[in-house]
Amino acid sequence: MPSDETRVPAGAQASVWDGVVGQPTAVRRLQASATNPLHAYLFVGPPGSTKNEAARAFTALLLAGHDDPTQRDARLAIAGQHPDVREFARVGPSISKDQADEVIRLAALAPNESHRKVLILDEFHLLSPEAAAKLLKTIEEPPASTVFIVLADYMPPDLVTIASRCIRIDFQPISDDVVIAALLSCGVDASTAAEAAAAAKGDLTRARLLADDTHLAARREMFATTPRRLDGTGSAVVAAVDSLLAEIEAAAAPLAQRHAAEVSAMEERIASIGERGSGKKALEERHKRELRRHRIDELRSGLATIAGSYRDALVNGSLARPDSAADAISRIHGALEALDRNPNEQLLLQALLLELPSLSA
């Protein structure tokens with residue numbers, strides 16, 4: 001089974017940056033910055049671009065002072081277990097003002113062990129307006145010992161003021177060739193690696209998960225052929241949506257297995273050292289977020305595949321009314337945008353498919 005870790009080639013020296021893939025420009029900028037770091041950094045890039053891994057790698061370099069992943073501070077930072085590093089992720093649909101209050105409180109405290117404290121704020125593009133107002137001053141002028149690393153998939157216009165207080169580091173989608181190479185290094189066979197890379201569209205995290213998914217090809221085919229199963233009736237739409245959602249639910253099995261392994265390891269640690277400070281609640285919240293993101297990723301990928309079927313029909317001229325394909329693609333793009341608003345997925349898909357033309361012969 002593929003590992004989430006990037007293997008270090010035989011004979012190569014281990015580095016804190018080994019988990020950061022396909023981002024040479026970002027790594028060079030961060031390596032140069034680590035010698036004289038500023039107060040706040042903004043990492044902007046799509047999910048799976050390894051910006052999260054880069055945040056931990058940069059933190060390790062800031063705390064350890066040199067590139068040695070076996071040094072205690074670096075090792076704990078990379079594992080997300082250093083006492084002077086706090087990682088914040090949203091609990092609800094956005095980072096709340098209560099979470100912002102906790103960030104402000106922790107930023108004001110002195111480091112426990114090191115000369116520096118690092119606060120990593122994930123999914124900053126989902127920061128609520130109230131939280132943004134609270135955090136602006138703290139991110140702009142934190143205590144001298146505190147460094148912020150802010151992670152965002154993109155930067156909304158209403159957060160440009162905070163963004164202007166940070167050093168921005170851009171992360172690009174990872175090319176298929178680089179994704180395939182990373183999967184091959186983890187023992188994935190070539191055909192599976194190529195298929196996972198194509199479906200992941202530059203998201204290495206998702207590609208690693210899909211490499212364990214034995215039903216990926218069948219699921220993509222189900223989405224691609226959905227327009228052929230439409231006949232204008234509600235019963236066909238209901239059947240198609242039920243089938244698609246069942247496939248998406250089943251697709252979470254590899255992620256659920258990974259979560260089960262993490263829970264088991266956590267329970268072993270709790271048994272030996274006790275539950276206090278174990279991070280159990282944080283682990284549970286992370287698992288919920290990952291399952292939700294996986295589901296949304298599957299929906300996005302599936303809808304994009306359906307749109308591809310209409311594009312193919314438009315190109316090969318198989319539709320009596322070519323404008324209906326363009327209209328279908330537009331409606332699918334609308335549904336993709338609606339996913340950002342946390343809709344009822346079943347109702348969203350049913351409403352969409354009822355409006356789409358059939359591609360049946």
Pull up region 66-122, narrow it to residues that are among the hydrophobic types (A, V, I, L, M, F, W, C), under 12 Å from R56 (Cα atoms) and touching a residue at least 24 places away in the same chain (Cβ under 8 Å), then point me to the one that is surrounded by the fewest Cβ atoms within 10 Å (Cβ to Cβ).
I78
Verdict on S309 being surrounded by fewer than 18 Cβ atoms within 10 Å (Cβ to Cβ), within 14 Å of R228 (Cα to Cα) and among the hydroxyl-bearing types (S, T, Y)
no
Going residue by residue through region 297-306, is there one that turns out to be at pLDDT 85 or above, within 24 Å of E87 (Cα to Cα), among the acidic types (D, E) and buried (at least 16 other Cβ atoms within 10 Å of the Cβ)?
yes
Just to be sure before I move on: is P9 at negative phi and either surrounded by 13 or more Cβ atoms within 10 Å (Cβ to Cβ) or at pLDDT 95 or above (or both) in the structure I sent?
no
Checked L319, L314, L339 against criteria (touching a residue at least 12 places away in the same chain (Cβ under 8 Å) and either among the acidic types (D, E) or under 30 Å from Q257 (Cα atoms) (or both)); the one match is L339
Among L151, L135, which is the only one that is hydrophobic (A, V, I, L, M, F, W, C) and out of contact with any Asp or Glu (no Cβ under 8 Å at 6 or more places or on another chain)?
L135
Where residues in region 173-202 are surrounded by fewer than 21 Cβ atoms within 10 Å (Cβ to Cβ) and touching a residue at least 60 places away in the same chain (Cβ under 8 Å), which of them is nearest to A304 (Cα to Cα)?
K201
Quickly run through region 321-337 and pick out the residues that are surrounded by fewer than 14 Cβ atoms within 10 Å (Cβ to Cβ) and under 9 Å from P357 (Cβ atoms).
R321
Looking only at region 232-245, decide whether some residue is crowded, with 16+ Cβ neighbours inside 10 Å, modelled with pLDDT of 95 or more and among the hydroxyl-bearing types (S, T, Y).
no
In this structure, is P46 surrounded by fewer than 20 Cβ atoms within 10 Å (Cβ to Cβ), within 30 Å of R341 (Cβ to Cβ) and assigned by TED's automatic domain parsing to the domain that holds H115?
yes
Taking into account only those residues within region 250-275 that are outside any helix (DSSP H, G or I) and of a type outside the set (D, E, K, R), which is farthest from R293 (Cα to Cα)?
G274
Just the residues that are more than 20 Å from the chain's Cα centre (by Cα) and among the basic types (K, R), please, taken from region 221-269.
R228, R229, R269
Failed condition for T205, given (1) in the same structural domain as Y310 (by TED's automatic domain parsing); (2) surrounded by 13 or more Cβ atoms within 10 Å (Cβ to Cβ):
(1)
Taking A26, is it crowded, with 24+ Cβ neighbours inside 10 Å and not in a strand (DSSP E or B)?
no
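Rundown of residues vs (1) in the same structural domain as I270 (by TED's automatic domain parsing); (2) over 20 Å from the mean Cα position of the chain (by Cα); (3) in a helix (DSSP H, G or I), yes/no style:
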site	(1), (2), (3)
R300	yes, no, yes
L314	yes, yes, yes
S318	yes, yes, no
S324	yes, yes, yes
D327	yes, yes, yes
S330	yes, yes, yes
G334	yes, yes, yes
E337	yes, no, yes
Q350	yes, yes, yes
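This table checks each residue for (1) in contact with a Gly (Cβ under 7 Å, 6 or more places away or on another chain); (2) buried (at least 17 other Cβ atoms within 10 Å of the Cβ); (3) not basic (K, R).
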{"residue": "I162", "(1), (2), (3)": "no, yes, yes"}
{"residue": "F171", "(1), (2), (3)": "yes, yes, yes"}
{"residue": "A211", "(1), (2), (3)": "no, yes, yes"}
{"residue": "A217", "(1), (2), (3)": "no, no, yes"}
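The values are calculated or read from the model by the stated rules, or taken from the named source; none is laboratory data. The structure displayed is predicted, hence computed values, not measured ones. Note: ideal-geometry Cβ built from the backbone for every residue, glycine included; neighbour counts use all protein chains shown.
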